[in-house]
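Structure provided below as structure tokens; questions to follow.
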Amino acid sequence: MEQVAISTKVGRYMVTKAEASKYGARLETSYDFNTSAYHDNVPIWDYRKEGTEESLRQSRQRLQRNFIDCLRVHDAEDPERWEEACGPTGAVATLLSLKERGEIGQVSLGFNSVAYLMKTILKYPIGTFDSIMMARTWNLLDQSSYPLLVECQKRGIKVHLAAVFCAGLLWGQNLYMYSSEVPPELKEKVQRWKELSSSYGLSVPQVALAFAFLPSCVERIAVGCASPEQVRGNVELCGAKVPMELWHKAQSMGLLPQHLKILE
């Protein structure tokens, strides 16, 4: 039987709506989960030791599994949350202790913010983090995380990517990063990628996936699938051979910046 690696995250845990008010500003008001058919709970953010342990306890209960292969500190992306997560008894220190005791396999981070990811990995010695997960900032339309990828490569940190298809736009959907408001210049850029890709007998999703895997530190890519057909479609993208010439042509067309050393 093939092995399955389980990743989950800490930083929030669930409480009932009846008790939510006592948590004050820690109640996450930006989430609107339609879960009434299953439970009546709401998320509380907490990056302290006790909150981290409660988040993990709840995940273990839902997963029906004690050992977690990869545990990520999630969304500590404002000054208050970051200071709490990186404090002496915060989430990062708690994860390091869990790993030392053999309760988790990898200490990881899962942020959207490149700046906070860079700030966090630079705060700690090499070897602290096994992996990070980031979204939105390494794809055919946005390469703003390139300096972070270079730093991860130096430190031996594996990178797991999400939203490499820009949450739909690079699959032909009128959806960009979870919004239907797609800037006209990005629509035009996608069309140019389509023309370039087809000139090499490739689709934009094939090229997008290949681009995401170009940095050697990129180990895994998370994709969303809503049906068996979408699972098959994503699997069929794997293994497409994209010639180096295509990347150089993309640079000459202004579709990719010139400073990406991985394209040399």
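What follows draws every value from the coordinates through simple rules; no lab data is involved. All figures in this text were calculated on a predicted structure; none of them were measured in a lab. In this analysis, Cβ positions are derived from the backbone assuming ideal geometry, glycine residues included, and neighbour counts consider all displayed protein chains.
Quote the relative contact order of the chain in percent (integer), defining contacts as alpha-carbon pairs under 8 Å separated by 6+ residues.
Here the relative contact order equals 13 percent.
Amide H of Ala135: which non-local residues (sequence gap of 5 or more, or other chain) have their own amide H closer than 5 Å, using H built in the peptide plane?
Placed amide hydrogens put Ala162 under 5 Å from Ala135.
While we're on this one: Please give the length that would be gained between Glu181 and Gln230 if that part of the chain were fully extended, namely 0.36 nm times their separation in residues minus their C-alpha to C-alpha distance (nm, one decimal).
15.3 nm
Near the amide H of Lys158, under 5 Å away, which other amide H atoms are found, from residues 5 or more places off or on another chain, if H is placed in the peptide plane?
Ser131, Ile132
Suppose a student asked you for the relative contact order of region 63-167, using Cα pairs under 8 Å spaced at least 6 residues apart; what percent would you report?
24 percent
If packing is taken as the average number of other Cβ atoms within 10 Å across a peptide's residues, how do 185-194, 134-143 rank, most packed first?
134-143, 185-194
Antiparallel DSSP bridges in region 63-151: what percent, to the nearest 5? Write out the running numbers ahead of the final one.
Details: 1 of 11 bridges.
For region 63-151, the DSSP antiparallel bridge percentage is about 10.
Can you give the Rg to Rh ratio for region 71-222, taking only C-alpha atoms and Rh from Kirkwood?
Details: Rg = 17.3 Å, Rh = 16.6 Å.
That ratio equals 1.04.
According to the Kirkwood expression over distinct Cα-Cα pairs, how big is the hydrodynamic radius of the chain, in Å?
With all distinct Cα pairs of the chain included, I get 20.2 Å.
How long, wide and thick is region 145-264, going by the Cα atoms along their three principal axes, in whole angstroms, largest first?
Taking the Cα atoms of region 145-264, the three principal extents are 37, 32, 29 Å.
A further question on this structure: Which ³J(HN,Hα) values in Hz, rounded to whole numbers, follow from the phi angles of region 215-222 under the Karplus curve 6.51 cos²θ - 1.76 cosθ + 1.60, where θ = phi - 60° and Gly and Pro get x?
Karplus values, whole Hz, x for Gly and Pro: x, 5, 6, 6, 9, 9, 10, 9.
Please give the charge dipole size of the chain, origin at the Cα centre, charges +1 on K and R Cβ atoms and -1 on D and E Cβ atoms. Round to the nearest 20 debye.
400 debye
Report, in deg cm²/dmol and to the nearest 500, the calculated mean residue ellipticity at 222 nm for the chain, where each DSSP H run with n ≥ 4 adds -39500 (n - 2.57) and the sum is divided by the residue count.
Working: 9 runs with 96 residues, N = 264.
Roughly -11000 deg cm²/dmol at 222 nm, from the helical runs in the chain.
May I pose another question? Which order, highest average first, do 216-225, 160-169, 57-66, 4-13 follow once you tally other Cβ atoms within 10 Å for each residue and take the mean per peptide?
160-169, 4-13, 216-225, 57-66
Measuring from label point to label point, each 7 Å out along Cα→Cβ, what is the Glu188 to Glu151 span in nm?
3.4 nm
So how far apart, in nm, are the two label points at Gln143 and Tyr124 if each is 7 Å from Cα heading toward Cβ?
Here the modelled spin labels are 2.9 nm apart.
Could you work out the relative contact order of region 135-264? I mean the mean sequence separation of Cα pairs under 8 Å and 6+ apart, divided by the number of residues, in percent.
27 percent
Per 0.36 nm of contour for each residue apart, how much would the distance between Glu245 and Lys49 grow if the chain were fully extended, relative to their Cα-Cα spacing?
Full extension from Glu245 to Lys49 adds 65.6 nm.
Then there's this: Gain in length, Arg57 to Leu255, computed as 0.36 nm per residue apart minus the alpha-carbon separation, to one decimal in nm?
Gain on extension, Arg57 to Leu255, equals 66.7 nm.
Rounded to the nearest 0.05, what FRET efficiency is calculated for Glu195 and Glu19 with R0 set to 51 Å and r the Cβ-Cβ distance?
0.35
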